[in-house]
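To start, the structure itself, in structure tokens.
The values are calculated or read from the model by the stated rules, or taken from the named source; none is laboratory data. Here the structure is a predicted model, which is why all the values come from computation and not from measurement. Please note: Cβ atoms are built from the backbone with ideal geometry, for glycine as well, and neighbour counts cover all protein chains shown. The accessibility values were calculated without ligands, DNA or RNA, using every heavy atom of the protein model including side chains. Shrake-Rupley method; radii C 1.70, N 1.55, O 1.52, S 1.80 Å.
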Amino acid sequence: MRLHKRIARLDDLWEIFPLCDMLCVMKLRNSSVTADPPKALVAALSRVLRPLVKLLLTFHITFPFLAQLLKRIYIEVAIDEFALEEPAQKDKISDSRVSLLTGVHRKDVKKLRSDASEMVHAPTTVSIGSQVINTWMTLPRFAPAGNPLPLPRTATSSVSPSFEELVQQICKHDIRVKVVLDELLRIGVVSLDEADIVHLNQEAFIPQQGFDEKAYFFGRMIHDHMAASVHNLLDSTPPFFDRCVYYNHLTPESCEALSQWVNVHGMPWLKQLNEKAKHCQVMDKKSAHGTQRMHLGIYYYCTGDAYDVAPLLSDEEQNISGNTEIGAAEILGPVEHIISPIRV
């Protein structure tokens with residue numbers, strides 16, 4: 001009877017840790033993975049999470065809600081990125097292996113895998129609006145020499161372009177022009193003057209009003225920048241271009257001047273890239289290999305918050321340099337391109 005119970009316990013254990021999982025445990029034991037994560041990574045995560053937690057608290061999103069959301073994301077990433085099988089068979093990865101990788105209880109893994117989350121789609125305004133703006137900025141008829149024209153709301157002749165013509169190129173006759181215009185006006189992407197002329201906001205497409213649209217772009221832009229940084233941090237090749245410039249001990253006036261400089265020089269550069277990418281997309285649609293997407297952005301940030309202006313040098317480096325003033329081009333790319341901080 002006692003032997004039978006022991007065998008039953010072994011069977012239960014084998015159900016929890018089947019062969020593929022036991023092999024995974026052996027692989028982990030023989031690898032360089034340690035029980036404690038690198039201190040530098042923990043410090044970086046603490047910094048990365050601070051603005052996110054600020055956003056969550058602003059919208060009264062509590063820790064229990066976030067913890068439940070993280071459970072689902074841990075499971076999804078484990079299935080998508082850490083399956084032992086071929087990618088086409090990733091759904092066959094066992095609940096036990098997912099539990100082993102993530103630390104999420106096997107019962108929770110099974111429940112969350114069977115309860116498919118809702119698909120997250122871009123707001124309709126984003127998908128239609130971005131196509132309208134892109135066509136307005138790149139098609140020579142609407143942007144001769146790369147300068148988007150103010151457009152009459154309705155067509156006055158077949159010779160001159162109009163906003164009505166622009167929208168119909170994107171939506172055909174599925175959505176009325178007025179519906180598109182009203183929504184773009186609501187979120188601040190365009191303006192309508194007294195002469196019934198539609199003007200493009202040159203900083204398009206970042207909506208000034210619509211929260212759903214802003215949240216969509218927030219998730220898309222931060223995800224892709226972080227994905228590029230994680231790719232480089234894991235020494236994956238080839239590395240993605242990821243650069244920034246940082247300086248401290250600046251006055252508010254200097255920060256404002258730098259912000260204006262970015263606005264003046266950044267947008268024309270992005271417009272040039274947009275034209276290049278649009279040309280590539282038109283050509284690549286003919287190829288069976290046109291399955292990739294790209295994302296490049298520019299951001300500027302300035303603050304006087306004590307946490308954000310903490311010295312980036314170690315105590316030892318500060319003692320050697322005699323001050324904490326720094327300025328550098330920060331690199332997350334090939335080692336041979338790293339530029340050391342400049343002691344001012």
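Worth pointing out:
- H279-S46 pseudo-label distance in nm [points 7 Å out on the Cα-to-Cβ vector]: 4.9 nm
- Amide H partners (placed H, <5 Å) of V190, local residues excluded: L185, N201
- Shape class for region 130-224: prolate, because the ratio a/c of the largest to smallest gyration tensor axis (alpha-carbon atoms, square roots of eigenvalues) is 1.5 or more and a/b beats b/c.
- The mean sequence distance of close C-alpha pairs (under 8 Å, at least 6 residues apart), as a share of the length of region 160-272, puts its relative contact order at 12 percent.
- Projecting the Cα atoms of H265, S254, C302 onto the charge dipole of region 248-307 (Cβ charges, centred on the Cα centre) puts H265 farthest toward the positive pole.
- Of K110, K285, the residue with the largest accessible area leads and the full order is K285, K110 (1.4 Å probe).
- Cross-link pairs exceeding 27 Å in C-alpha to C-alpha distance, out of K92/K285; K71/K92; K39/K71; K92/K286; K54/K92; K178/K214, comprise K92/K285; K92/K286; K54/K92.
- Principal axes of region 224-298: Cα extent on each, largest first, Å: 53, 32, 14
- For C302, the accessible surface of its heavy atoms amounts to roughly 60 Å² (probe 1.4 Å, protein chains only, rounded to the nearest 10).
- Net charge of neighbours whose Cβ lies under 14 Å from the Cβ of F59, counting Lys and Arg as +1 and Asp and Glu as -1: +1
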